[in-house]
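Worksheet: one structure, shown below.
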Amino acid sequence: MATTEKDFRVKNGLIVAQNATIGGTLDANALQIGGTAVATESYVTTQISNLIDSAPGTLDTLNEIAAAINDDPNFFSSIPTATSDLTNDSGYITSASLPTDISQLTDTTNLIPTNVSDLTNDTGFITSSALSGYATETYVDTAVSNLIDAAPGALDTLNELAAAINDDPNFFSSIPTATSDLTNDSGYITSASLPTDISELTDTTNLIPTQASLSVDDLITLSGVAEGSLNLGTFTGTTINDNQTVKQALQALETEVETKEDAGVAIAMSIALG
């Protein structure tokens, strides 16, 4: 016999059969109350499990969660949002209670070290012993000044010195040591470019005299002595001594002439006074 809605009634929120026994298989999807399908135990269990969603065991009921917020329906609005909302318990410090001067401290024992040796160095902090071998700023400045040693301002850095030698690490070996190492610019003269004969000159204007003049050979012939001689050689008379220069010979002639003149004058006066 088919089961119908009339065979069941609701009591205290539960669906109970009106007959003592129910034969056959109960189709839960066929059960309805006021046109709405009745949920199965499995469905209800799944929905509750989804609601709990792995919450911790101490917070998986509404009562436990309510207790956790002190059963306060306005819990969120009661949460302090600034330090001024907090009430200080005894022993806690506020900015207003902090001392502003050492005289306000009641116990300064071991509080303020009076010697560097009272301090304990943490890892990474430097002590005077750790500075051994390090240079002070003054030491470095003095060393740099000694290195510069009054060099001109345009040559007191390595960069300026490098620029002065054309940034050439082999500058010394590139300095020419002979004229053959030089490249002649236009207008410069080398020994090879000097003329060796008058015919090689391109402009002889005013270079060669056009008036007749004595050549060196003519002067040698006129002097009557061999080329390269340093004096006039020997003389047969007694007026000019041998091996005299031209000046010495002329001086001897002048002296002889003057002597002869003086003697002639003296003879003439003697005859006249006769």
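Readers should treat all values here as calculations from the given coordinates under stated rules, not as data from a laboratory. Quantities reported herein were computed from a predicted structural model and do not represent experimental measurements. Heads up, the Cβs are rebuilt from the backbone with ideal geometry, glycines too, and the neighbour counts pull from every protein chain shown.
Overview of results
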quantity: LEU232 long-range amide H proximity, modeled H, under 5 Å; calculated: ASN243, GLN244, THR245
quantity: Length gained when the stretch THR177-ASN88 is fully extended (0.36 nm per residue, less Cα-Cα span); calculated: 22.8 nm
quantity: Spin-label pair SER191/THR234, simplified geometry with 7 Å Cα→Cβ offset, distance in nm; calculated: 4.5
quantity: Point-to-point label distance, ILE165-ASN121, nm (Cα→Cβ direction, 7 Å offset); calculated: 4.3
